[in-house]
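Some notes on the structure that comes next.
The values are calculated or read from the model by the stated rules, or taken from the named source; none is laboratory data. Computed from a prediction, not measured in an experiment: that's the story for all the values here. Methodologically, a virtual Cβ is constructed for each residue, glycine included, from the backbone with ideal geometry; neighbour enumeration extends over all protein chains shown.
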Amino acid sequence: MAGSPVSYAVSVEGLQEAQYVLRVLDPKLSGKLQSRVRRAILPIARDAQRDTGVGLSGISDGRGGRSSLAEQASAAAAGIKVARGRKGWVVRQTNKTGAIVEFAANGKTPQGRALVDVLDRHFGPPGRLLWHAADQRRDEVQGQVRDEVEKTIAEANAQLGRVI
């Protein structure tokens, strides 16, 4: 989705500073930290993708036909990605279908209201996938990211200790 995608930021104090220092001191270890942090955040994305598993029919596919809610949910799940943003790591919805499934709230037409009713019934209120998964996993993921940062810093300190 061009512009500003729907996303949930995962912030851990000191992560950006650690990444900067490691990039300067040891780019290889910096890459290792990136992989570790991404792996720690993946459970939020996986939970959000798993929460899309529903099947109903009747939503327009935009080409004059109909597509099932399962197809829409599948498209929404495919758009959920973990990425490194400007200010840190984010779990992001990258496609329009996913953004609609995630945040559709006020239908202005009867069809729009019907869509929102179906989404609310099957996925809950707006913030249906990403926000729900993030709320469920926030503390666990932030703790794991902190642990990975500390583990990587310990490795960097050990390497520096061998050099000095």
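Go through the residues of region 135-153 one by one and say whether even a single one is within 24 Å of Gln49 (Cα to Cα) and surrounded by fewer than 12 Cβ atoms within 10 Å (Cβ to Cβ).
Checked region 135-153: at least one residue is within 24 Å of Gln49 (Cα to Cα) and surrounded by fewer than 12 Cβ atoms within 10 Å (Cβ to Cβ).
Determine whether Val116 is within 24 Å of Gln49 (Cβ to Cβ), in contact with a Pro (Cβ under 9 Å, 6 or more places away or on another chain), surrounded by 14 or more Cβ atoms within 10 Å (Cβ to Cβ) and modelled with pLDDT under 85.
Against the criterion (within 24 Å of Gln49 (Cβ to Cβ), in contact with a Pro (Cβ under 9 Å, 6 or more places away or on another chain), surrounded by 14 or more Cβ atoms within 10 Å (Cβ to Cβ) and modelled with pLDDT under 85), Val116 does not qualify.
Considering only region 101-120, state which residues are free of Cβ contacts under 8 Å to residues at least 24 places away in the same chain, assigned to a helix (DSSP H, G or I) and under 18 Å from Ala133 (Cβ atoms).
Leu119, Asp120
Test Glu102 against the stated conditions and say whether it is on the phi < 0 side of the Ramachandran plot and modelled with pLDDT of 85 or more.
no
Which one is modelled with the lowest pLDDT among residues in region 73-99 that are under 30 Å from Glu17 (Cα atoms) and charged (D, E, K, R)?
Lys87
Would you mind finding the one in Gly3, Gly62 that is loosely packed, with under 13 Cβ neighbours inside 10 Å, under 17 Å from the mean Cα position of the chain (by Cα), modelled with pLDDT under 70 and more than 22 Å from Gln136 (Cα to Cα)?
When all the criteria are applied, what remains is Gly3.
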